[in-house]
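For reference, the structure discussed in these notes is given below.
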Amino acid sequence: MKKLIWHLARAVGLCICLSASIFAQNINRIEYFVDTDPGFGNGTTITFTAASTINETFAVPLAAVGDGFHFVSIRAKDDVNKWSTVVVRPFYKERIFGATAPFGVVTAMEYFIDNDPGFGNGTAVTFTAATTTNDLTFVAPLTSTTDGLHWLSIRAKDNANRWSTVVVRPFLKEIVPVSLALSNITHIEYFIDTDPGFGNGTAVSFTPNTTLSNLAITANLTGVSNGSHRIFIRAKNANNKWSTVGTKGFSVCASPINASITAGGSTTLCSGQNVVLSVPGGNTYQWYHNGGLLSGQTSATYTATYSGNFHVVVSSEGCSSAINPVEVKLNSYYPPTISTNTPTICNGSQAVLVASGCDDGLVTWSNAMTGSPLVFTPSTTANYTATCTRGTCPASDPSSPVSIAVSNTPAAISVNGVPASAVCPGTSVVLTATTCSGVRTWNTGVTGGTITVTPSVTTTYTVTCTSGTCTSKGTGTVTVLPASKQMYVNTPNQTVCTGTAINLLASNCTGGTVQWSNSVTGISQTVTPAATTTYSATCTIGSCTSAGINAAQIVVLNPPNVPTVTTASQTVCRGTVIKLTAINCGNEVVWSDGSIGASVFVTPQSTTTYTAACRFEGCPSAASNAATITVSDCANPSVNITRVEYFIDNDPGFGAGTLVTSGFTAAPAVNNLPISIPITSVSTGMHWISVRAKDANNKWSTVAVRPFLKEVIPANILPANLTKVEYFIDNDPGFGLGTNVPITAGTLLTNLVFTSPISNSISNGMHWLSVRAKDANNKWSTVVVRPFLKETTPTATSISNIVAIEYFINLDPGVGLGTNIPITAAPTLTNMMASVNLEDLNLGVNRLFLRAKNANNVWGVVGEIDFTISETFTLIGTIPTTYCRNTPFDIPFTAVGTYNAGNVFTAKLSDGSGGFSSPTTLGTLTSTSSGIISATIPNSISLGGGYQIRIVSSDPSLSDSPSKAISVVEICPSPCPNTLTLASTTNDYTGGILIKEANATTGIIIATNKLTGTANVIYRAGSNIQLEPGFVADIGTVFKTEFGGCN
């Protein structure tokens, strides 16, 4: 009989959009109720106009409804007193509290389940106070929580005692049975109106199954009387459990009536006229006007004397039918209502008159014009009226008058003071507006008769004279000579050590005179600044002088502090990894073995003495104190891991789990081992995976346990299109009321870019930008929130000095609380080197953050970079910085950490930009410890600088060890000598792996130098090697002589 279609939105008040249709009868009542049914006709009435089709929006007040889940029910009734089925929808009422200001430091966090105990009374979450808290993990015990659906709520408080909005997430607690298989549905039955009892209804024929959908049932209506009835249906499974009862209303009518209303004349009436409406006789009748019953009008005819929709319900033999309505219109004699949005105009401008209340009629104005709206050009002030004529009925009385005033336009205005000839850019000019008795406004925004301008290019200035609402304009053009050429300082900003000479060069001032900021005249000059200095210049051509578009800043660096090595001298086992640390250096620390960093890891194979120097922008300090690492042979206590196994849910016993073979190799340590686990036979729901390992001594590790959820996602469930994206700043205006972001509808939006204008109404300081999306099902996403800082940049050309720089790793301790980096205050800092303390950091990927503060106490944005700490890496020893193509050379390296048997070290060459995305292999070495790789650069490599060399390994696989810069040149160094003389002190060596060669056939090496510390040196010659008096190879050094050499 009827169809109701509706949806609802969550709010403090519930808004319902209702669409209803009926085949013949009008719907004359709609009512709703929340949760409890008060009975037919006793629900809350919805106001609407009776019709066969209803599209209505109404609000359901929820003030008296408690927070939580509820059900709203709605039903409709037609002219024959038949009620529709009840449509029921669930909704959830909650109060959403919005924050009015951004957080400071988050100092407290609490959660609660289901019921809010009040601010500060929830369960506290332990964390470290910070301005932002990300990826915080905590455990909420559920021992006392009942099975079923619950809500977890979380909120935070800042140091200003302000609470955040509450973040709410639903969760389901349930005891998952061992078997999740569903029982078959074995019996379905229905009954009409009266329940005969379980199992006594009319059985439905079907094939038993665990699920049934779209099952068609033909109900036997034999013996069912005319009128309204209700059918009920229920099902039973193999466990003898009955389902809930489904129900739907229906009507039985044996002989429906088909008829139509006949009008005895025109249904459009003038005042005093009527029309007779009739239907065939022989039945019972009731007439209605606009859905309302007409008392006493029960005959087959009705005389209509006023407008509206008239219909009749015809009843016969228990069946009632509502006849489609007839609309009667009545032309009124009421005058129209007129208005204007142009009550005052200037002479020659257009005016607009609008008449309302004359639908389907003709509007005639007092100036003899017709139509609405009326656009015309009056010449004098006057009053206007209008009449309305409908059909053949007489015209209405005139409307109330509306006045339109016409004002005179002021005389033309003159602009005086325009120079007779062209001026230099930036010259001040005074312009005066005359012959205006009104208000004078210039196109620069200045109001008044006189303005002072300094145009840089030829500019036309316009002044507007306003008298009342009318205006006139005047113009004046100031001609400006072409600007001097855009001279610039052709010397880049750079950082140098004290005493460095710099050549300054000015470009693009042809035919002019260059004047430098240090009073020197000329295109170029050489300066040796004692302190950081910024050099600028001007260019004068003729009578016009212009400043250069840039300046050159020369930052002068003093030698940095001498660092202090904090690592104590010690004795270790061969192969032990030692961490060397140097302090009191705010820049780059360079170690005696070529390593760089405040803390480095070394694995000396023999006793080695290490020192450090502090280097900043190429300016080194003196060497630090020394740390001697004495190396001795010790037994290796490492025991290999020989077996890894896993199991799901139930422990089958040690050694009985599923063996992991793919990717596993026996070793003392196993990291990042991928395991593929089939879950085909695992039931849907929550499970636990457990992993453990056993070593060669038959000792088992503890069990690592992780939960996982297996869920079958139907293939026919596709995400709905995203149809709307909106944003708002700070305060939420409500769903759909944010600023719209234009998009193309789709199921996925990535990398969406939009511009959010920052108006003057937004104050300087921290704010919050929030973005959310809505799909085609009218479902809103969660809100994504990002902070931003609005700051008014000073217009002064000078930049405040940077006075402080600090860093922090992983966690922000708060502005001003990071680790300070010593600097010399300057407006800009480039290519600055600093040492970072990596003590107590975990192995793996970490993140370094850096920020700066200027002399106005304003902090800059935070820069960040990821870096990796590893116990296993390779370091290249001392090598030349230039190489030729197709010429063999050796690369000595130190391997730190443990490498497995069969490991291959490979020397890789970057591209010309230093990138290793597609490196070139130069040579390999199969080894588990430090060594020398014989390498050759192919002829296909382009000449030039910017290349890097690094050593990578295969087992374990390492590809991000430190690299060294080299250049590839066309002309190689001179051929190796026949006689190589190594004299002290020029050729004394204290550390590193070195190779010294003479000619491989006739070469001679004569050595009187000294090898001390941890030096590892090889002499190669084809004829002989002479160790003369004065030659020394100390205890702890490695010294070899070999036949061979270079060619």
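Throughout, read-outs are computed from the coordinates displayed, never taken from laboratory work. In this text the structure is predicted, and so the values were computed from the model without any measurement. Here Cβ is always computed from backbone atoms with ideal geometry, including for glycine, and neighbour counts include all displayed protein chains.
For the stretch 802-869, compute the orientation-averaged projected area of the C-alpha convex hull (one quarter of its surface), in nm². Please report the intermediate quantities before stating the final value.
Details: hull surface 19.1 nm².
Taking a quarter of the hull surface, the average projection is 4.8 nm².
Let me know the charge dipole size of the chain about its Cα centre in debye, to the nearest 20, where only the beta-carbon of Lys, Arg (+1) and Asp, Glu (-1) is charged.
Values: 51 positive and 54 negative charges, 206 e Å.
In total the dipole reaches around 1000 debye.
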Against the rule of thumb 2.2 N^0.38 Å, how large the Cα Rg of the stretch 337-407 comes out: 1.11
For the stretch 471-547 and the stretch 837-884, distance of Cα centres in Å: 38 Å
When the Cα centres of the stretch 106-155 and the stretch 210-264 are compared, how far apart do they sit, in Å? 50 Å
When you count, for each residue, the other Cβ atoms within 10 Å and take the mean per peptide, how do 214-224, 56-66 rank with the highest first? 56-66, 214-224
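Under 8 Å for C-alpha pairs, at least 6 residues apart: give me the relative contact order for the stretch 106-165, rounded to a whole percent.
Values: 70 pairs, mean separation 28.6, N = 60.
Contact order relative to length: 48 percent.
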Two decimals is fine: what's Rg over Rh for the stretch 722-790, C-alpha atoms, Kirkwood radius as Rh? 0.98
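Ranking request for peptides 758-769, 499-510, 379-390: highest mean number of other beta-carbon atoms within 10 Å first, then the rest in descending order.
On the way: 758-769: 11.4, 499-510: 15.3, 379-390: 17.1.
Packing proxy ranking, top to bottom: 379-390, 499-510, 758-769.
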Binning every alpha carbon pair distance of the stretch 291-359 at 5 Å from zero, what are the percents per bin? 3, 11, 15, 13, 9, 8, 8, 7, 6, 6, 5, 4, 3, 1, 1, 0
Counting only Cα, what are the radius of gyration and maximum Cα-Cα distance Dmax of the stretch 262-330, in Å? 11.9, 40
Among C424, G291, V478, whose Cα lies farthest out toward the positive end of the dipole of the chain, if unit charges sit on the beta carbon of Lys, Arg (+1) and Asp, Glu (-1)? G291
Could the peptides 577-589, 654-666 be put in order, highest first, of the mean number of other beta-carbon atoms found within 10 Å of their residues? 577-589, 654-666
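With a 10 Å Cβ neighbour count serving as the proxy for reagent exposure, in which order, fewest first, do Y285, Y334, Y883 appear?
Working: Y285 17, Y334 11, Y883 22.
Ordered by Cβ neighbours within 10 Å, fewest first: Y334, Y285, Y883.
For the chain, what proportion of DSSP beta bridges, expressed in % and rounded to the nearest 5, is antiparallel? It would help to have the intermediate numbers written out before the result.
Working: 243 of 283 bridges.
Antiparallel: roughly 85 percent of the beta bridges in the chain.
Taking the Cβ of each residue in Y190, Y92, Y989 as the centre, tally the other Cβ atoms inside 10 Å and list the residues starting with the fewest. Let's see the in-between values first.
Values: Y190 18, Y92 12, Y989 21.
Least crowded to most crowded, the residues run Y92, Y190, Y989.
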Determine the principal axes of the Cα atoms in the chain, then give the extent along each, sorted from largest to smallest and rounded to whole angstroms. 144, 104, 58
Looking at the P(r) of the stretch 643-710, how many percent of alpha-carbon pairs lie beyond 21 Å? 25 percent
Top positive-direction residue, dipole computed over the chain with Cβ charges, set A901, T878, A965: A965
